[in-house]
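Working notes, structure below.
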Amino acid sequence: MSKRAGLAMDRVVFVLGALMIALTTYIAITSGPPVGQALKNVVLPEQVSFLAITTLIGGTIGGYIVYAGAHRLLDSGISGPGHVRDITRGSVTGILITGVMRIVLFLAILGVVAGGAKLDPASPAASAFEQAAGEVGLRVFGIVLWAAAITSVIGASYTTVSFITSRTKTSDRLRTALVVGFIVVTTIIYLSVGTAPTTLLVFAGAFNGLLLPVGIGVLLWVAWRRKDLFNGYEYPAWLLRIGGAAWLLTIYLAVRSVRPVIELFS
């Protein structure tokens, strides 16, 4: 509700991100994962699950996440060819931090599972943290989950409102009210559904993974065909080709994951 909420959000998200990585790294070291085996399976996986891959990719860069950072930069006045370096640094830093967090979290839970521990199906991650470091691990998981949740709630709500408002025509007071209203409504819906959080998270990741080709396709179409929107800036050809290859890969993953996603909730 504060007028300085935007600036505070930027700083708090940065601090929470660093905190999540630090705490999860501690759990990863405590659990003692088989790093060599993990590295081997990155190159030569013993089993390939398209649903798992789609869920992870969709949960990392799918849905609102494709647009959230860009919308925040626009609201901060960072746009145009003169800010390409700043925009590039922000996007690359964001995906690197997200990637590191994913890897560290995976290693933390891998160490617990590799040691023969049985995870609680109701809350696998929480039980993994608890078995790795006891009561301290459980509290660490609570902090990590809260940090991840609050940043996602703020980011998703902010981005939703940014789609239906204008920076120049919508007052800050109205935008704030819409963000708060969106959070209230979605919270009520979540409580009404009564589905386990783990199931909802898997569904959100998988569903975002199925929609990812649409989001990336729109961005690529703009980059290829709507150069009039860039004030003279042109994307490097090599970058567009890499983007096109990534887009085709997301289509392939989405097609292979449709049936597993349906079966998951049938």
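Quick notes
- Per-residue SASA remark: Y235, around 90 Å² accessible (1.4 Å probe; ligands, DNA and RNA not included).
- Its DSSP H runs of at least 4 residues, each contributing -39,500 (n - 2.57), put the calculated 222 nm mean residue ellipticity of the chain at -27500 deg cm²/dmol, to the nearest 500.
- Surface calculation, 1.4 Å probe, protein heavy atoms: V66 sits at approximately 40 Å² accessible.
- Taking every alpha-carbon pair within region 140-263, the share separated by more than 17 Å comes to 72 percent.
- Solvent-accessible surface of region 175-266, averaged per residue with a 1.4 angstrom probe and all protein chains in place: 68 square angstrom.
- Sparse-neighbour loop sites [trypsin sites (Lys or Arg not before Pro); region 68-128; at most 10 other C-beta within 10 Å; DSSP]: K118
- Helices in the chain that qualify as membrane-span-like (whole DSSP H runs, Cα extent of at least 27 Å along the helix axis, mean Kyte-Doolittle hydropathy of -0.5 or higher) are 5-31, 84-114, 124-164, 172-193, 197-225, 237-264.
- The P(r) of region 1-116 has a tail past 17 Å containing 67 percent of all C-alpha pairs.
- Overall, the ratio between the Cα radius of gyration of region 102-150 and 2.2 N^0.38 Å, rounded to two decimals, is 1.06.
- Residue among T168, T24, T186 with the largest mean-square fluctuation in a Gaussian network model of the chain, springs linking Cα atoms under 10 Å: T168
- Modelled FRET efficiency - R0 35 Å, S192 with L73, Cβ distances, 0.05 increments: 0.50
- Against the empirical 2.2 N^0.38 Å (N residues), region 80-121 has a Cα radius of gyration ratio of 1.92.
- Counting only protein chain heavy atoms and rolling a 1.4 Å probe, the accessible areas of W247, W224 rank, largest first, as W224, W247.
- The modelled label-to-label distance for the pair S2/V100, using points 7 Å beyond Cα in the direction of Cβ, is 2.6 nm.
- Take the chain and mark each of the GluC sites (Glu not before Pro) that is in a DSSP loop with at most 11 other Cβ atoms within 10 Å; the longest unmarked stretch, sites excluded, is 47-233.
- With N as its number of residues, region 219-258 has a Cα radius of gyration that, divided by 2.2 N^0.38 Å, comes to 1.41.
- Unit charges on C-beta of K, R, D, E only; dipole of the chain, Debye: 720
- Note on region 1-63: along the principal axes its Cα atoms extend 52, 31, 14 Å, ordered by decreasing extent.
- Carbon and sulfur %, accessible surface of region 17-149 computed with the full protein complex present, 1.4 Å: 70
- The mean accessible area for residues of region 43-88, using a 1.4 Å probe and ignoring ligands and nucleic acids, is 60 Å² per residue.
- Pairs of Cα atoms farther than 31 Å apart, the chain, %: 33
- Region 9-49 and region 159-183 have Cα centres separated by 35 Å.
- Accessible surface of region 167-266, 1.4 Å probe, proportion on carbon and sulfur as whole %: 68
- Computed from the alpha carbon atoms alone, the convex hull of region 53-118 holds 99 Å³ per residue.
The values are calculated or read from the model by the stated rules, or taken from the named source; none is laboratory data. Small disclaimer: the values here were computed from a predicted structure and weren't measured. Note that each Cβ is placed from the backbone with ideal geometry, even for glycine, and that neighbours are counted across all protein chains shown. Heavy atoms of the whole protein, side chains included, go into the accessibility calculation; ligands, DNA and RNA do not. Shrake-Rupley method; radii C 1.70, N 1.55, O 1.52, S 1.80 Å.
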